[in-house]
Amino acid sequence: MREAAFVKQNKAKWIAFEKAITLNSKINPDQLADDYIQLTNDLAYAQTYYPDSKTLQYLNSLASQAHQKIYKNKKESKNRLVSFWKDEFPLFFYQHHRMLFYSFLLFAVATAIGVISAVNDDSFVRLILGDSYVNETINNIEKGDPTAIYKSGSEIGTFLGITINNIRVAFLAYAFGVITSVGTAYVLFSNGVMLGAFFTFFYNRDLLFEASKSIWLHGTIEISVIVIAGCAGMVMGNSILFPKTYSRKVSFLRGAKDGLKIVVSTIPFFIIAGFIEGFITRYSNMPVWLALTIIFLSLILIIYYYIIYPIILHKTNAKKIHTA
């Protein structure tokens, strides 16, 4: 890459970082440290490809200033977990909203394929869900309780089993990113097709609403965070495919770290979904208004924390930098 192109690509980032440290802006110390790591990566690149250049001199000076500010003033929060969930992660996740959209889009397309396939081929549902599950559900339908399968087993056993399995699927979606985004795309696609076939199975029996008001009690959070876990895997996978100005190794390590942060953020939500499935979904005879309220609040929780709140924090942080 030509030096002029390198400067043009990163100039805005460097200026924002310089302003943050020289004007003593209020910025999260850990975010500052992450920005510093990016700066040192750019510095290493400049040392390799643009020795004796003004760009290298500028980055050296900026890195020196940043080092003093970070390692003299960085303090650990008294409550690191609260800081992570409340400020650090949402602000960090803002930069990955586009990847979240791609993950959602892929999952939605896969779900549509599952629906279309199940509508046009009765055997498709059995192929995807398995004969055992389909036969048991048909038996439950004949008994007048389509979602009876969610009432089997103890509350605690179901809660623990479902939660552990969902977390496993999330980390699988993330881990498959190590073979580039194609691996994660496969996990998202297979789960999307399964979801589409699943609901079409009930639709074909005129039980879509009856099933939905029970299944989406836990499924709203469960499916949403699987998509978010897919985003984590795609972040890691794309870091291999598109290293930008970094070496592929450095880019991969950065992508793996970012992806891990994202997938770890889903764990509390999987616990909530598991709790709902273990202790609440089994009461399918609850009033419709109550079921819809739980579903709606679950959706609001996910949308607010992963989309709206990061945007709010980003805008607030940007204002602080510009007014400092």
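The values are calculated or read from the model by the stated rules, or taken from the named source; none is laboratory data. For clarity, every value in this text was computed on a predicted model and none was experimentally measured. Cβ coordinates were reconstructed from backbone atoms using ideal geometry, including for glycine residues, and neighbour counts include every protein chain displayed.
Checking every residue in region 132-153 against the condition of being hydroxyl-bearing (Ser, Thr, Tyr), surrounded by fewer than 20 Cβ atoms within 10 Å (Cβ to Cβ) and on the phi > 0 side of the Ramachandran plot gives zero matches. Collect the residues in region 117-126 that are exposed (fewer than 14 other Cβ atoms within 10 Å of the Cβ) and assigned to a helix (DSSP H, G or I), keeping them in residue-number order. Within region 117-126, ASN120, ASP122, SER123 meet the criteria.
Residues that are touching a residue at least 60 places away in the same chain (Cβ under 8 Å) and touching a Lys or Arg at 6+ places or on another chain (Cβ under 8 Å): does region 243-266 have at least one? Yes, because at least one residue in region 243-266 is touching a residue at least 60 places away in the same chain (Cβ under 8 Å) and touching a Lys or Arg at 6+ places or on another chain (Cβ under 8 Å). For GLU210, the test of being buried (at least 21 other Cβ atoms within 10 Å of the Cβ) and in the same structural domain as PHE159 (by TED's automatic domain parsing) is failed. Selection of region 218-276 for residues being within 15 Å of the chain's Cα centre (by Cα) and among the basic types (Lys, Arg) yields LYS257, LYS261.
Checked against the criteria, GLN31 does not count as under 24 Å from the mean Cα position of the chain (by Cα) and either on the phi > 0 side of the Ramachandran plot or modelled with pLDDT of 70 or more (or both).
If the condition is being under 11 Å from ALA229 (Cα atoms) and not small (Gly, Ala, Ser), then region 177-205 contributes THR184, VAL187, LEU188. In this structure, ILE162 qualifies as modelled with pLDDT under 95 and not acidic (Asp, Glu). Residues of region 241-275 that are over 19 Å from GLY230 (Cβ atoms), in contact with a helix residue (DSSP H, G or I) (Cβ under 6 Å, 6 or more places away or on another chain) and not in a helix (DSSP H, G or I): PRO243, THR245, TYR246. Exactly one residue out of ILE295, ILE228, ILE262 is more than 30 Å from ASN10 (Cα to Cα) and buried (at least 17 other Cβ atoms within 10 Å of the Cβ), and it is ILE295.
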